[in-house]
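Working notes for the structure below.
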Amino acid sequence: MGAFVIKGGEIYDPAAQKWEKKDIAIENGMIISGMPSGEYQVVDASGCKVTTGWIDYHVHYFNHGTENGINPDAASFPCGVTTAVDGGSTGAANYEMYRKSAMAYSDVRILNMLLVGSGGQVTDRYPEHLEKKYFDIPKIKKLFREYPDNLVGLKSRMSVGIIAPEDAEESIRATVELAGELGCNVSVHVTNPVMDLEKLAGILRKDDMICHIYQGKGKETCLDADGKVREGLLKARERGVLFDASNGCNNFDLEIAQKAVAQGFKPDIISSDINPSGFFLQPLHSLPRIMSKYLDFGMSLSEVLDTVTRVPARLVHRESLASMAPGTEADLVIFKVKEKEVPYSDRTGHTFTGHQVIVPQLTMKDGVIMYCQADFM
């Protein structure tokens, strides 16, 4: 394992909430104080910014195991991602196959939310069964006991066509109750919600999450009839409920996002929901491309970086992944913020032109360079 010193970059430490100019030394897969003990390679990061590797909190990486799975390493390292949380690709019935297949052959760190429906999100041809009567609670508890370092949450989907309105509230209440017993949080997919969003938010607890918060399908969006962020969502945020922008292809509306962010309703997490139909393609493309548009929506670079570092690291109980302090994992991304016109679109036909884009130059995981732009170094 090589040793490196990264020189000349502007360093952002999410854990310390601080920018500074300094050198970063890496040895034996860790950030160290002082200089490496032996030979090392200098990485010139002049004109670049350096921070901890990004955490994509909502991906679908069960490659070849589900219709929505993609190649984990190809979707991660070129995009500055060193850790990803799979958003319910598997349930109790097929999680262990995921561990023994796509996860076992991937270098990116993959953590998992377990879908409460046992079959996971295997196909879009028909919905998973998320009714309470189908929960395999004994097996879910067994898996959380056996894999406490990997299973970090429960996932549910409260959408029209996935679960009937008469079953929705019972299902989400049972999911939250089970999460309480497991000591984890819940992430709820809400595209074209099957129940009132404010009521749903009222059921959730601190650190539970609504994902796809800027979706625009159906009558239930984060905005009321006057275009204002709904009061029940603001009250839920005061209680500690979190909101994930989670772009995806069908789960995001440009106009709703712009209106909400302009009112101060910024995402706690920005994730990709990456899948085959949006893998380096509009309207999803990649995590750094998604992050970039929030700069043009008015968020600061520090705020955007926190949504892919500090906040998700806390939720997965690996705060060191968001720290640049000596003794922490050398998961790093060197990137530039380039000024150029960048097109965005959504599936409803809305378009937007951004004027700055975040471009990873080098990605390092555990002190090993996993990606480097052809014109960098």
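Here are some notes:
- Total residues in region 331-377 satisfying the condition of being of a type in the set (A, V, I, L, M, F, W, C), closer than 16 Å to I6 by Cα and in contact with a strand residue (DSSP E or B) (Cβ under 8 Å, 6 or more places away or on another chain): the figure is 11.
- Qualifying position, being outside any strand (DSSP E or B) and closer than 30 Å to V116 by Cα, among S37, S76, S46: S76
- Checking Q263, Q282 one by one, the residue that is farther than 27 Å from V186 by Cβ and either among the acidic types (D, E) or open to solvent by 50 Å² or more (accessible area, probe 1.4 Å) (or both) is Q282 and no other.
- Tabulated pairs, region 85-106, first on the phi > 0 side of the Ramachandran plot, second buried (at least 22 other Cβ atoms within 10 Å of the Cβ) and hydroxyl-bearing (S, T, Y), C-beta under 9 angstrom, 6+ apart or interchain: G88/S156; G88/S187
- Residue match in region 117-126 (condition: touching a helix residue (DSSP H, G or I) at 6+ places or on another chain (Cβ under 7 Å), among the aliphatic types (A, V, I, L, M) and touching a residue at least 12 places away in the same chain (Cβ under 8 Å)): no
- If the condition is being aromatic (F, W, Y) and either open to solvent by 10 Å² or more (accessible area, probe 1.4 Å) or without any contact (Cβ under 8 Å) to a residue 40 or more places away in the chain (or both), then region 16-61 contributes W19, Y40.
- Residue check for S89: over 25 Å from D306 (Cβ atoms), modelled with pLDDT of 95 or more, surrounded by fewer than 23 Cβ atoms within 10 Å (Cβ to Cβ) and touching a helix residue (DSSP H, G or I) at 6+ places or on another chain (Cβ under 8 Å): no
- When the test is whether a residue is touching a residue at least 12 places away in the same chain (Cβ under 8 Å) and open to solvent by less than 20 Å² (accessible area, probe 1.4 Å), G8 does not pass it.
- When we screen L254, L242 for residues that are in contact with a strand residue (DSSP E or B) (Cβ under 8 Å, 6 or more places away or on another chain), open to solvent by less than 10 Å² (accessible area, probe 1.4 Å) and on the phi < 0 side of the Ramachandran plot, the only hit is L254.
- Filter result (among the β-branched types (V, I, T) and closer than 22 Å to V152 by Cα) within region 183-219: V186, V188, V190, I203, I210, I213
- Failed condition for P148, given (1) open to solvent by 60 Å² or more (accessible area, probe 1.4 Å); (2) more than 30 Å from M364 (Cα to Cα): (2)
The values are calculated or read from the model by the stated rules, or taken from the named source; none is laboratory data. The structure displayed is predicted, hence computed values, not measured ones. As a convention, Cβ positions derive from the backbone with ideal geometry for all residues, glycine included, and neighbour counts pool all protein chains shown. Protein only, heavy atoms only, side chains kept; ligands, DNA and RNA dropped before computing areas. Shrake-Rupley method; radii C 1.70, N 1.55, O 1.52, S 1.80 Å.
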